[in-house]
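The values are calculated or read from the model by the stated rules, or taken from the named source; none is laboratory data. The shown structure was predicted, so the numbers you read here are calculated from the model rather than taken from an experiment. Using ideal geometry, Cβ is built from the backbone for each residue, glycine included, and neighbour counts are taken over all protein chains shown.
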Amino acid sequence: MIDVTFLLLIYFMVTTVLAKPEDRLSPTLQTQQQATVDQAGDFQPQIVEVVLLDGQPAYRLGGSVFRTGPELSEALAALPVSVGVFIKVFDPVPVGFAVGAFQAARDAGFEQVTYVPGK
Amino acid sequence: MNFGRSKHPTRVPSVELTPMIDVVFLLIIFFMATAQFARLTRADVDLPIEKGEQQPIPEEAGLVINITRLGEIIIANETVSLDDLADIVDDEIRQLPDRDPRRVKLLIRVDRLAAAGRLNEVVTRLQQRGVGVARIATEVPSATRRR
């Protein structure tokens, strides 16, 4: 019985530690009321668009296009962080690539990162 | 010849098995309970591989929304529609003491290869309910794991 008990213990210990470690990114969600207020004021948000260009996912910031997260992060690092950044994600882009934009914004020092669903 | 007994009888070392078995059973029950709980709320999806915020996570999310590669929304091991998701979020808001939707705690676990359109639909529903923050789960790359 003790042998069975130890086998069960080892089994459940092994199955528990096999879970992959997770972390998270916490973008804010822009509500309809906030969108109206922002449009009424002089606030010009910095917008990163996550789109498909020539069949490949890309990040578009102003007139510049970036293909990787580190490139985008380097470009964002040159921008003022106090006004925050909007990440606009369009439909056919894979989620993994879109989440890379949030990570790039965090790495560039932005605290205010807002998720905007693209149409 | 004096074959008298030694003044110091040899003691045979022994292990108390009864309390050890009790401890082992408690450990088994602990790992069984924690393993079952994790399977109930977290579906098997391949999360985006990003290091995340790398902040200490103070508490677990209240509602875990899983989105598979095919766009299925799974909550508590059940596939739900967008309307069902909205109802579930409304229930979560009603359970809060102040019913402030900005205080709803939820975690979105979405497959990295899923189309962002499904995530956009979920986020739009959350926005309509007044939810302020959406935590998106990531899988930490092995080289950057916290120690």
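A few remarks follow.
- Among residues of segment A:89-115 that are facing chain B (nearest Cβ under 7 Å), those with a beta-carbon under 9 Å from a residue that is in a loop (DSSP other than H, G, I, E, B) and of a type in the set (Phe, Trp, Tyr) at least six positions away or on a different chain give the pairs A:Ala98/A:Phe90.
- When B:Asp83 is tested against (1) more than 28 Å from A:Pro92 (Cβ to Cβ); (2) modelled with pLDDT of 85 or more; (3) not in a loop (DSSP other than H, G, I, E, B), only condition (1) is not met.
- Condition broken by B:Ala137, with the remaining ones in (1) among the small types (Gly, Ala, Ser); (2) under 21 Å from A:Ile87 (Cβ atoms); (3) in contact with a helix residue (DSSP H, G or I) (Cβ under 9 Å, 6 or more places away or on another chain) satisfied: (3)
- A residue that is more than 21 Å from A:Thr114 (Cα to Cα) and either aliphatic (A, V, I, L, M) or at pLDDT 90 or above (or both) cannot be found anywhere in segment B:119-135.
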